[in-house]
Amino acid sequence: MSHPFVPSPNVASIKESATIAVSQRAKALRAAGRAIIDLGAGEPDFDTPTFILDATKAALDAGATRYTAVEGILPLREAIAAEATRRRAGREAAVTAGEVVVSTGSKQSLQNATFALFGPGDEVLLPVPSWVSYVEMVGLARATAVGVPGDPARGLKVTPALLEQYATPRTRGLMLNSPTNPTGAVYTAEELRAITDLAASRGWWVISDEIYARIAYGGAEAPSVLDVAAQRDRLVVVNGVAKAYAMTGFRIGWTVAPRAVSQAMTALQSHTTSNAATVSQYAALAALTRTAEADAAVGAMVAEFAERRRAARAILAEIPSLELVEPEGAFYLFFKAPAGDGTAFATRLLEHEGVAVVPGAAFGTPEWVRASYAAARSDVEAGMRAIVRAWTA
Ligand code: GLU
(Lines give C-alpha, C1' and ligand atoms only; values in the text may rest on other atoms or scores of the structure.)
Protein backbone atom coordinates (compact mmCIF):
# COMPACT_ATOMS: atom_id res chain seq x y z
CA MET A 1 0.00 0.00 0.00
CA SER A 2 1.42 3.37 -0.95
CA HIS A 3 1.23 6.37 1.29
CA PRO A 4 1.34 9.52 -0.80
CA PHE A 5 3.02 12.53 0.71
CA VAL A 6 0.50 15.04 1.95
CA PRO A 7 2.31 18.29 2.68
CA SER A 8 1.71 19.76 6.09
CA PRO A 9 0.04 23.19 6.25
CA ASN A 10 3.51 24.59 6.97
CA VAL A 11 4.64 24.03 3.41
CA ALA A 12 1.42 23.29 1.52
CA SER A 13 1.43 26.60 -0.31
CA ILE A 14 5.14 27.41 -0.32
CA LYS A 15 6.67 28.07 -3.71
CA GLU A 16 10.24 27.33 -4.69
CA SER A 17 12.44 30.43 -4.91
CA ALA A 18 12.00 31.68 -8.50
CA THR A 19 15.40 33.37 -8.57
CA ILE A 20 17.12 30.14 -7.66
CA ALA A 21 14.87 28.11 -10.00
CA VAL A 22 15.80 30.30 -12.98
CA SER A 23 19.52 29.95 -12.44
CA GLN A 24 19.20 26.20 -11.88
CA ARG A 25 17.25 25.90 -15.13
CA ALA A 26 19.97 27.88 -16.92
CA LYS A 27 22.62 25.54 -15.50
CA ALA A 28 20.60 22.45 -16.53
CA LEU A 29 20.18 23.75 -20.10
CA ARG A 30 23.90 24.47 -20.23
CA ALA A 31 24.68 20.98 -19.00
CA ALA A 32 22.43 19.66 -21.77
CA GLY A 33 24.63 21.40 -24.31
CA ARG A 34 22.78 24.67 -25.00
CA ALA A 35 24.69 27.94 -25.03
CA ILE A 36 22.98 29.88 -22.25
CA ILE A 37 23.67 33.39 -21.01
CA ASP A 38 22.58 33.50 -17.37
CA LEU A 39 21.30 36.91 -16.39
CA GLY A 40 18.98 35.27 -13.88
CA ALA A 41 21.29 34.75 -10.95
CA GLY A 42 21.81 37.47 -8.41
CA GLU A 43 25.30 36.22 -7.69
CA PRO A 44 28.59 38.07 -8.27
CA ASP A 45 30.66 36.19 -10.82
CA PHE A 46 33.96 37.38 -9.29
CA ASP A 47 36.33 35.16 -7.36
CA THR A 48 36.34 35.71 -3.61
CA PRO A 49 39.27 38.08 -2.88
CA THR A 50 42.51 36.19 -2.23
CA PHE A 51 43.15 37.70 1.20
CA ILE A 52 39.82 36.25 2.36
CA LEU A 53 40.61 32.82 0.94
CA ASP A 54 44.01 32.91 2.63
CA ALA A 55 42.41 33.83 5.95
CA THR A 56 39.91 30.99 5.50
CA LYS A 57 42.66 28.45 4.95
CA ALA A 58 44.63 29.79 7.90
CA ALA A 59 41.53 29.51 10.09
CA LEU A 60 41.11 25.87 9.12
CA ASP A 61 44.74 25.18 9.89
CA ALA A 62 44.26 26.86 13.26
CA GLY A 63 41.38 24.50 14.06
CA ALA A 64 38.23 26.47 13.17
CA THR A 65 36.32 23.24 12.79
CA ARG A 66 34.15 23.08 15.88
CA TYR A 67 30.97 24.69 17.15
CA THR A 68 31.00 28.33 18.12
CA ALA A 69 28.48 30.24 20.21
CA VAL A 70 25.09 30.00 18.47
CA GLU A 71 25.11 33.76 17.81
CA GLY A 72 28.61 33.69 16.32
CA ILE A 73 32.23 34.32 17.32
CA LEU A 74 32.77 37.38 19.47
CA PRO A 75 35.34 39.18 17.26
CA LEU A 76 33.00 39.02 14.27
CA ARG A 77 30.07 40.30 16.29
CA GLU A 78 32.28 43.03 17.72
CA ALA A 79 33.34 44.11 14.23
CA ILE A 80 29.70 44.27 13.12
CA ALA A 81 28.72 46.16 16.29
CA ALA A 82 31.59 48.62 15.80
CA GLU A 83 30.39 49.46 12.28
CA ALA A 84 26.83 49.97 13.58
CA THR A 85 28.18 52.15 16.40
CA ARG A 86 30.03 54.30 13.86
CA ARG A 87 26.76 54.87 11.98
CA ARG A 88 24.89 55.77 15.17
CA ALA A 89 27.68 58.09 16.36
CA GLY A 90 26.46 60.86 18.60
CA ARG A 91 22.95 59.47 18.82
CA GLU A 92 23.23 56.80 21.48
CA ALA A 93 25.49 54.47 23.41
CA ALA A 94 27.61 52.00 21.50
CA VAL A 95 25.95 49.06 19.80
CA THR A 96 27.17 45.94 21.61
CA ALA A 97 28.10 42.49 20.35
CA GLY A 98 25.07 41.21 22.31
CA GLU A 99 22.85 42.95 19.77
CA VAL A 100 24.35 41.03 16.84
CA VAL A 101 23.42 37.52 15.69
CA VAL A 102 25.45 35.85 12.94
CA SER A 103 23.52 33.38 10.80
CA THR A 104 23.77 31.08 7.80
CA GLY A 105 23.38 33.77 5.17
CA SER A 106 21.28 36.89 5.42
CA LYS A 107 18.39 34.69 4.29
CA GLN A 108 18.45 33.00 7.70
CA SER A 109 18.83 36.38 9.39
CA LEU A 110 15.69 37.59 7.62
CA GLN A 111 13.85 34.40 8.49
CA ASN A 112 14.94 34.61 12.15
CA ALA A 113 13.73 38.21 12.33
CA THR A 114 10.42 37.58 10.60
CA PHE A 115 9.74 34.55 12.78
CA ALA A 116 10.71 36.33 15.99
CA LEU A 117 8.71 39.50 15.34
CA PHE A 118 5.53 38.40 13.57
CA GLY A 119 2.87 35.76 14.10
CA PRO A 120 -0.75 34.82 13.39
CA GLY A 121 -3.02 37.82 12.93
CA ASP A 122 -0.15 40.21 12.24
CA GLU A 123 0.10 42.11 8.97
CA VAL A 124 3.47 42.98 7.48
CA LEU A 125 3.83 45.61 4.77
CA LEU A 126 6.00 44.60 1.82
CA PRO A 127 6.92 47.17 -0.82
CA VAL A 128 6.15 45.67 -4.26
CA PRO A 129 8.13 44.64 -6.19
CA SER A 130 9.90 42.81 -3.39
CA TRP A 131 12.45 40.03 -3.35
CA VAL A 132 10.90 36.58 -3.73
CA SER A 133 11.54 35.23 -0.27
CA TYR A 134 10.00 37.97 1.91
CA VAL A 135 6.42 36.94 1.22
CA GLU A 136 7.22 33.27 1.94
CA MET A 137 9.07 34.15 5.15
CA VAL A 138 6.11 36.17 6.41
CA GLY A 139 3.86 33.23 5.49
CA LEU A 140 6.08 30.76 7.36
CA ALA A 141 5.63 32.95 10.43
CA ARG A 142 1.84 32.61 9.77
CA ALA A 143 1.55 36.35 9.49
CA THR A 144 -0.05 38.07 6.49
CA ALA A 145 2.04 39.85 3.89
CA VAL A 146 0.37 43.00 2.58
CA GLY A 147 1.87 44.24 -0.69
CA VAL A 148 2.30 47.99 -1.08
CA PRO A 149 2.77 48.85 -4.76
CA GLY A 150 5.76 51.15 -5.25
CA ASP A 151 5.36 54.47 -7.03
CA PRO A 152 6.37 54.22 -10.74
CA ALA A 153 7.34 57.91 -10.60
CA ARG A 154 9.90 57.10 -7.86
CA GLY A 155 11.59 54.00 -9.20
CA LEU A 156 8.86 51.82 -7.68
CA LYS A 157 9.86 52.89 -4.17
CA VAL A 158 7.24 53.29 -1.44
CA THR A 159 6.56 56.44 0.54
CA PRO A 160 5.07 56.97 4.00
CA ALA A 161 1.79 57.96 2.33
CA LEU A 162 1.66 54.70 0.37
CA LEU A 163 2.49 52.64 3.47
CA GLU A 164 -0.24 54.40 5.44
CA GLN A 165 -2.72 53.63 2.70
CA TYR A 166 -2.20 49.88 3.22
CA ALA A 167 -1.84 49.92 7.01
CA THR A 168 -4.54 48.58 9.31
CA PRO A 169 -4.73 48.24 13.08
CA ARG A 170 -3.16 44.80 12.62
CA THR A 171 -0.03 46.14 10.91
CA ARG A 172 3.02 45.15 12.98
CA GLY A 173 5.88 46.07 10.70
CA LEU A 174 7.41 46.40 7.29
CA MET A 175 10.32 45.04 5.33
CA LEU A 176 12.60 47.47 3.53
CA ASN A 177 15.31 46.65 1.02
CA SER A 178 17.69 49.30 -0.28
CA PRO A 179 19.45 49.04 -2.69
CA THR A 180 16.42 47.13 -3.88
CA ASN A 181 16.31 43.67 -5.39
CA PRO A 182 14.85 43.47 -8.10
CA THR A 183 14.86 47.13 -9.19
CA GLY A 184 18.29 48.53 -8.24
CA ALA A 185 16.54 51.60 -6.80
CA VAL A 186 18.18 53.20 -3.75
CA TYR A 187 16.25 55.01 -1.02
CA THR A 188 17.79 58.35 -0.08
CA ALA A 189 18.60 59.12 3.55
CA GLU A 190 15.58 61.48 3.62
CA GLU A 191 13.26 58.77 2.27
CA LEU A 192 14.53 56.28 4.85
CA ARG A 193 14.15 58.83 7.63
CA ALA A 194 10.54 59.58 6.66
CA ILE A 195 9.69 55.85 6.63
CA THR A 196 11.43 55.10 9.95
CA ASP A 197 9.70 58.13 11.50
CA LEU A 198 6.32 56.81 10.39
CA ALA A 199 7.15 53.32 11.68
CA ALA A 200 8.28 54.72 15.03
CA SER A 201 5.11 56.79 15.39
CA ARG A 202 3.00 53.67 14.74
CA GLY A 203 5.12 51.25 16.79
CA TRP A 204 5.91 49.17 13.69
CA TRP A 205 8.98 47.01 13.38
CA VAL A 206 11.27 47.73 10.46
CA ILE A 207 13.34 44.87 9.04
CA SER A 208 15.84 46.57 6.76
CA ASP A 209 17.66 44.29 4.33
CA GLU A 210 20.84 46.14 3.38
CA ILE A 211 22.72 43.29 1.69
CA TYR A 212 23.49 45.45 -1.39
CA ALA A 213 24.57 48.57 0.56
CA ARG A 214 28.16 48.50 -0.65
CA ILE A 215 27.11 48.02 -4.28
CA ALA A 216 25.94 51.52 -5.11
CA TYR A 217 26.89 53.84 -7.97
CA GLY A 218 26.44 57.26 -6.40
CA GLY A 219 30.05 57.42 -5.23
CA ALA A 220 29.32 56.18 -1.69
CA GLU A 221 27.69 53.31 0.11
CA ALA A 222 23.88 53.43 0.05
CA PRO A 223 22.33 55.02 3.17
CA SER A 224 21.35 52.68 6.01
CA VAL A 225 18.42 53.05 8.38
CA LEU A 226 21.12 53.08 11.07
CA ASP A 227 22.29 56.44 9.67
CA VAL A 228 18.93 58.13 10.00
CA ALA A 229 16.45 56.45 12.35
CA ALA A 230 15.75 58.53 15.45
CA GLN A 231 15.65 55.37 17.54
CA ARG A 232 16.83 51.82 17.14
CA ASP A 233 14.40 50.08 19.46
CA ARG A 234 12.20 48.80 16.61
CA LEU A 235 14.85 48.21 13.95
CA VAL A 236 16.33 44.95 12.73
CA VAL A 237 19.11 45.63 10.25
CA VAL A 238 20.22 42.75 8.06
CA ASN A 239 23.45 42.48 6.13
CA GLY A 240 26.02 39.89 5.10
CA VAL A 241 29.16 39.21 3.10
CA ALA A 242 27.65 37.46 0.06
CA LYS A 243 27.21 40.25 -2.44
CA ALA A 244 29.82 42.89 -1.54
CA TYR A 245 32.72 40.45 -1.13
CA ALA A 246 31.66 37.78 -3.66
CA MET A 247 31.17 35.26 -0.83
CA THR A 248 27.75 33.77 -1.65
CA GLY A 249 28.83 30.20 -0.84
CA PHE A 250 30.23 31.09 2.58
CA ARG A 251 26.67 31.68 3.87
CA ILE A 252 27.28 34.42 6.41
CA GLY A 253 24.67 37.04 7.27
CA TRP A 254 23.78 38.91 10.42
CA THR A 255 21.29 41.07 12.24
CA VAL A 256 21.77 44.16 14.38
CA ALA A 257 18.69 44.31 16.60
CA PRO A 258 17.66 45.22 20.15
CA ARG A 259 19.03 42.80 22.75
CA ALA A 260 15.69 41.10 23.52
CA VAL A 261 15.05 40.42 19.83
CA SER A 262 18.62 39.14 19.40
CA GLN A 263 18.11 36.77 22.33
CA ALA A 264 14.86 35.42 20.84
CA MET A 265 16.53 34.94 17.44
CA THR A 266 19.49 33.18 19.09
CA ALA A 267 17.13 30.83 20.92
CA LEU A 268 15.35 30.08 17.65
CA GLN A 269 18.63 29.51 15.82
CA SER A 270 19.82 27.23 18.62
CA HIS A 271 17.08 24.82 17.54
CA THR A 272 17.47 25.16 13.78
CA THR A 273 21.07 25.47 12.61
CA SER A 274 23.12 26.43 15.70
CA ASN A 275 26.11 28.55 14.68
CA ALA A 276 26.84 29.51 11.09
CA ALA A 277 29.78 27.51 9.66
CA THR A 278 32.76 28.25 11.87
CA VAL A 279 35.32 28.63 9.10
CA SER A 280 32.98 30.95 7.20
CA GLN A 281 32.73 33.18 10.25
CA TYR A 282 36.52 33.59 10.21
CA ALA A 283 36.37 34.35 6.49
CA ALA A 284 33.77 37.07 7.20
CA LEU A 285 35.95 38.40 10.02
CA ALA A 286 38.78 38.93 7.53
CA ALA A 287 36.42 40.68 5.09
CA LEU A 288 35.18 43.07 7.79
CA THR A 289 38.41 43.81 9.62
CA ARG A 290 41.09 43.92 6.91
CA THR A 291 39.52 47.08 5.63
CA ALA A 292 42.24 48.37 3.30
CA GLU A 293 42.30 45.12 1.31
CA ALA A 294 38.52 44.78 1.50
CA ASP A 295 37.89 48.34 0.31
CA ALA A 296 40.23 47.83 -2.64
CA ALA A 297 38.52 44.56 -3.61
CA VAL A 298 34.99 45.94 -3.23
CA GLY A 299 35.97 49.11 -5.12
CA ALA A 300 37.28 47.08 -8.05
CA MET A 301 34.15 44.91 -8.19
CA VAL A 302 31.78 47.87 -7.96
CA ALA A 303 33.74 49.65 -10.72
CA GLU A 304 33.31 46.62 -12.97
CA PHE A 305 29.58 46.39 -12.14
CA ALA A 306 29.31 50.10 -13.01
CA GLU A 307 30.99 49.49 -16.35
CA ARG A 308 28.61 46.62 -17.17
CA ARG A 309 25.67 48.73 -16.14
CA ARG A 310 26.84 51.53 -18.45
CA ALA A 311 27.35 49.09 -21.35
CA ALA A 312 23.95 47.46 -20.75
CA ARG A 313 22.13 50.76 -20.67
CA ALA A 314 23.84 51.94 -23.85
CA ILE A 315 22.46 48.89 -25.68
CA LEU A 316 18.99 49.09 -24.09
CA ALA A 317 18.80 52.74 -25.22
CA GLU A 318 17.99 51.25 -28.64
CA ILE A 319 14.49 50.62 -27.27
CA PRO A 320 13.16 54.16 -26.91
CA SER A 321 9.92 53.06 -25.28
CA LEU A 322 11.71 51.01 -22.60
CA GLU A 323 10.44 51.69 -19.08
CA LEU A 324 13.48 50.99 -16.89
CA VAL A 325 13.93 51.73 -13.19
CA GLU A 326 16.99 53.94 -12.68
CA PRO A 327 19.56 51.41 -11.39
CA GLU A 328 21.47 53.19 -8.62
CA GLY A 329 22.63 50.12 -6.73
CA ALA A 330 22.75 46.29 -6.61
CA PHE A 331 23.30 44.64 -10.02
CA TYR A 332 19.87 44.38 -11.58
CA LEU A 333 18.01 46.02 -14.44
CA PHE A 334 14.25 46.00 -14.00
CA PHE A 335 12.12 46.89 -16.98
CA LYS A 336 8.55 46.59 -18.19
CA ALA A 337 8.19 43.83 -20.77
CA PRO A 338 6.57 44.34 -24.18
CA ALA A 339 2.79 43.87 -24.02
CA GLY A 340 3.13 44.02 -20.23
CA ASP A 341 3.80 40.28 -20.00
CA GLY A 342 7.07 39.60 -18.19
CA THR A 343 6.58 35.84 -18.07
CA ALA A 344 6.00 35.54 -21.82
CA PHE A 345 9.00 37.75 -22.56
CA ALA A 346 11.29 35.81 -20.18
CA THR A 347 10.17 32.54 -21.78
CA ARG A 348 10.77 33.92 -25.29
CA LEU A 349 14.23 35.15 -24.29
CA LEU A 350 15.21 31.76 -22.92
CA GLU A 351 13.72 29.64 -25.70
CA HIS A 352 14.72 31.78 -28.71
CA GLU A 353 17.78 33.63 -27.52
CA GLY A 354 19.19 31.38 -24.80
CA VAL A 355 19.15 34.23 -22.28
CA ALA A 356 17.86 33.57 -18.74
CA VAL A 357 16.17 36.42 -16.84
CA VAL A 358 13.67 36.37 -13.96
CA PRO A 359 10.01 37.15 -14.72
CA GLY A 360 8.68 40.01 -12.60
CA ALA A 361 5.83 37.80 -11.33
CA ALA A 362 8.39 36.37 -8.88
CA PHE A 363 8.51 39.80 -7.24
CA GLY A 364 4.78 40.56 -7.38
CA THR A 365 4.97 42.59 -10.61
CA PRO A 366 4.06 40.35 -13.58
CA GLU A 367 4.48 43.09 -16.18
CA TRP A 368 8.19 43.41 -15.47
CA VAL A 369 11.43 41.49 -15.99
CA ARG A 370 14.69 41.40 -13.98
CA ALA A 371 18.03 41.00 -15.73
CA SER A 372 21.13 40.65 -13.58
CA TYR A 373 24.43 42.13 -14.73
CA ALA A 374 26.43 40.06 -12.27
CA ALA A 375 27.80 38.17 -15.28
CA ALA A 376 30.79 38.56 -17.58
CA ARG A 377 30.67 41.87 -19.46
CA SER A 378 30.54 40.05 -22.82
CA ASP A 379 27.54 38.03 -21.56
CA VAL A 380 25.81 41.16 -20.29
CA GLU A 381 26.29 42.85 -23.67
CA ALA A 382 25.17 39.79 -25.64
CA GLY A 383 22.17 39.42 -23.33
CA MET A 384 21.16 43.04 -23.83
CA ARG A 385 21.42 42.69 -27.61
CA ALA A 386 19.19 39.62 -27.35
CA ILE A 387 16.67 41.65 -25.37
CA VAL A 388 16.67 44.31 -28.10
CA ARG A 389 16.17 41.62 -30.79
CA ALA A 390 13.40 39.85 -28.84
CA TRP A 391 11.70 43.18 -28.24
CA THR A 392 11.26 43.86 -31.92
CA ALA A 393 10.65 40.21 -32.93
N1 GLU B 1 19.26 36.99 -3.88
C2 GLU B 1 19.71 36.50 -5.15
C3 GLU B 1 18.68 36.75 -6.22
O4 GLU B 1 17.72 37.43 -6.00
C5 GLU B 1 20.14 35.07 -5.06
C6 GLU B 1 19.06 34.04 -5.15
C7 GLU B 1 18.15 34.05 -3.96
O8 GLU B 1 18.62 33.75 -2.88
O9 GLU B 1 16.99 34.40 -4.17
O10 GLU B 1 18.86 36.30 -7.33
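The values are calculated or read from the model by the stated rules, or taken from the named source; none is laboratory data. Remember, predicted model here, so these are calculated numbers, not experimental data. Neighbour counts run over all protein chains shown; Cβ positions are idealised from the backbone, glycine included. Remember, those area values only see protein heavy atoms, side chains included, never the ligands or the DNA or RNA. Shrake-Rupley method; radii C 1.70, N 1.55, O 1.52, S 1.80 Å.
Residues whose amide H comes within less than 5 Å of that of VAL128, counting only those at least five positions distant or on another chain, are VAL148, GLY150 (H built at 1.01 Å from N in the peptide plane). Sorting the segments 63-71, 363-371 by their mean number of nearby beta carbons within 10 angstrom, highest to lowest, gives 363-371, 63-71. With the whole protein complex present, TRP205 retains an accessible surface near 40 Å², based on a 1.4 Å probe. A Cα-only calculation for the chain places Rg and Dmax at 20.8, 69 Å.
Ordering SER208, SER321 by accessible surface, largest first, gives SER321, SER208; the 1.4 Å probe counts only protein heavy atoms, with every chain in place.
Membrane-span-like helices of the chain, defined as complete DSSP H segments with a Cα extent of 24 Å or more along the helix axis and a mean Kyte hydropathy of at least -0.5, are identified as 291-316.
Taking a ≥ b ≥ c as the square roots of the eigenvalues of the alpha-carbon gyration tensor, the stretch 100-170 is classed oblate because a/c is 1.5 or more while a/b is no larger than b/c.
Highest mean packing first, where packing is the average number of other Cβ atoms within 10 Å per residue, the peptides 188-197, 275-284 line up as 275-284, 188-197. When the residues PHE115, PHE331 are ordered by accessible surface, computed with a 1.4 Å probe over the protein chains alone, the sequence from largest down reads PHE115, PHE331.
Taking the protein heavy atoms of the stretch 152-210 in the context of the full set of protein chains, the accessible area attributed to carbon and sulfur is 52 percent at 1.4 Å.
The calculated 222 nm mean residue ellipticity attributable to helices in the chain amounts to -13000 deg cm²/dmol, summing -39500 (n - 2.57) over DSSP H runs of n ≥ 4 and dividing by all residues.
Near the amide H of TRP205, within less than 5 Å, lie the amide hydrogens of GLY173, LEU174, all on another chain or at least 5 residues away, with H placed in the peptide plane.
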